[in-house]
Amino acid sequence: MRLFVRLLVPLIVVGAVLAPTAAHANPSGAPVVVGQLWDGYVDGQPNTALPLSVIDQPSGLGASRVNPDVLYVQSEKDRQTMIAVSEHDGEVLGKYTVPIPNVYDWEDMAVGPCPAGSCVFAGDIGTNSGYAEKPDNIMSVVRVREPDLASGQTSGTLTGDYFPYVYPDGRRPDAEALAVHPVTGEIYVILKTSSGTSPVYKFPDPLPEPGVISTLIKVADLTLPIIDGKANSAQVTAAAFHPRKNRLLIRTYTKVYEFRSERQSWLPFTGERVELTDTVETQGEAIEYEADGTSYFTLSEKVAPPYTLKRVDLSHRG
């Protein structure tokens, strides 16, 4: 079934499962407050009161591979807005609109390779939007080419591809975590559950043509501990692949983990699970490695600004 082949994206910037076990002492440092996201000045001070037209409930982070020291931040739900910000002080460098056909619940984003070079992947993958029930079980990922800030692409229109999908059992489970492999460009969706087991699905390889509905393939189960009987400690809200190592960063509402595989031929889903530093945020739903892998960033999905960007340095330093 073919729905869309190409869309224009107006842009403005800012198997077998092994049971992993928690490992050694925390290999990450204390959280560092980068700063509150800000856009321009008011009375000589950075304006941190960002309006909803700029960002609303930030729910995803993506580290640019085109623009040094830049992170993309995305709004949740149907806002379809994205900004690019400085990873040094949180300054908004550009603002985008990313239309997603039949958008329902844009929960996460990722940056990864694509035929155009490097792309932003927007995941309309959630089912808990608070709006009326979506009339079908079709979720989607939209892929757009990264803008080049140095060449003045702080606004404009990008051409994007629409990849709708369904699950093999016909269900419509909730998901909030999207990850794109930094080498292969394969797209993964990780379900949000309360059981301590989070199924991992991927798009077919090769990726179907834009507009063709894919049936995702289950590839693994992530095992996460339920802490003190609290289910939210095991609910996956964001994920990211390490840019250089065979590792996967996972965020829950109360914990941060890194899954590791020392064998490059194995994906890290079934590897060692290591607990990292949690940045202790209300409604923490965004996480991303720095582009060189030496640290990771988090951002809380608050309903109103200011939004505080945090960084944690890693002992393995990339």
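The values are calculated or read from the model by the stated rules, or taken from the named source; none is laboratory data. Being a predicted model, the structure only gives us computed values, none of them experimental. No Cβ is skipped: glycine too gets one built from the backbone with ideal geometry, and neighbour counts run over all protein chains shown. We work out accessible area using only protein heavy atoms, side chains counted, and drop any ligands, DNA or RNA first. Shrake-Rupley method; radii C 1.70, N 1.55, O 1.52, S 1.80 Å.
Quick notes on this structure:
- Prolate/oblate/rounded label for the stretch 84-178 (Cα gyration tensor, a/c 1.5): prolate
- Look at the Cα gyration tensor of the chain: its axes a ≥ b ≥ c give a/c under 1.5, and that counts as rounded.
- Dimensions of the stretch 216-315 along the principal axes, based on C-alpha atoms and rounded to the nearest Å, stand at 43, 34, 29, largest first.
- Share antiparallel - DSSP beta bridges, the chain, percent rounded to 5: 95 percent
- Solvent-accessible area of residue 65, all protein chains in place: 100 Å² (probe radius 1.4 Å, heavy atoms, ligands and nucleic acids excluded).
- Looking at the chain, the accessible area is 39 square angstrom per residue; that uses a 1.4 Å probe and ignores ligands, DNA and RNA.
- These residues, 174, 124, go from largest to smallest accessible area, 1.4 Å probe, as 174, 124.
- Cα gyration tensor, the stretch 159-249 - rounded (a/c under 1.5), prolate or oblate: oblate
- C-alpha center-to-center spacing [the stretch 60-115, the stretch 149-203] in angstrom: 13 Å
- Among the GluC sites (Glu not before Pro) in the stretch 175-267, those placed in a DSSP loop whose Cβ has at most 15 other Cβ atoms within 10 Å are 262.
- Summed side-chain charge close to residue 85 - residues other than residue 85 whose Cβ falls under 11 Å, Lys, Arg +1, Asp, Glu -1: -4
- Given charges at Cβ of Lys, Arg, Asp, Glu: the chain dipole, positive-most of 256, 224, 64: 224
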